[in-house]
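Q: Once you've had a glance at the structure underneath, I'll fire off some questions.
Quick note: the coordinates plus some simple rules give every number you see, no bench work behind them. Just so you know, these numbers come straight off a predicted model, no measurement behind them. All Cβ positions, glycine included, derive from the backbone under ideal geometry; neighbour counts span all protein chains shown.
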Amino acid sequence: MTPTAPAFLSRYRSPIGTWTLAFIGGDLVGLWCEGAKHFGSTIAGMTHTDDISELEPPSSIKTQNNLTCTTRWLDTYFAGHIPDEVPALRLVGTDFQVSVWRELLAIPYGQTTTYGDLADALADQRASGLARQAGQLTCQAGRPAPQAVGQAVGRNPISLIVPCHRVVAADGSLTGYAAGTDRKAWLLELEDAQIAS
């Protein structure tokens, strides 16, 4: 699903490259590092940084406030501290993708999980939701394949804040980060992360 409202775009310079921030209706809908796969995927027609060479100031108070909040979050994060205020987010994707991205938000700073553990957490979430529906069991109660979870993680449009970099392979290896595994390693080192396996 692609939003139809006009987007406000901004840039943020970090120790590991320039990030593009996209806001729609004041909500953060995208945060991509330069050169990342799926750059601008939630903004129709945008495929690379040349599309945003002319940046204008935000037109709404809500966008200005959320830009300030997002910049503060990024400043705190890149200073090696845990940000305390999460910007207003709008997760744009399929129902399955959004459920995966919401689960990513539960991974604490400095910790990692595996794609398999993430699939298990999603299955538990589905099962508890179905149990509340008077025992109506459907095939949705099953565990999603870790590969499907990995694809959804890879399409995460709000990198860092929705911490897809905290998901590792079952053997603890660093795989599949849209901004590159070298950046993933840098981010996990910044967090002094304990690698799950």
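Q: What ranking do GLU85, GLU103 get, fewest neighbouring Cβ atoms within 10 angstrom at the top? Can you show the working numbers first?
A: Working: GLU85 9, GLU103 22.
Ascending number of Cβ neighbours within 10 Å: GLU85, GLU103.
Q: Go ahead and collect, in residue order, the members of segment 170-197 whose backbone nitrogen is under 20 Å from a label point 7 Å along the Cα-Cβ direction of ALA145.
A: Under cut-off, by backbone N: 170-171, 175-177.
Q: Which FRET efficiency, nearest 0.05, do THR175 and ILE61 yield, Cβ-Cβ r, R0 35 Å? Let's see the in-between values first.
A: Values: r = 41 Å, r/R0 = 1.18.
Calculated value: 0.25.
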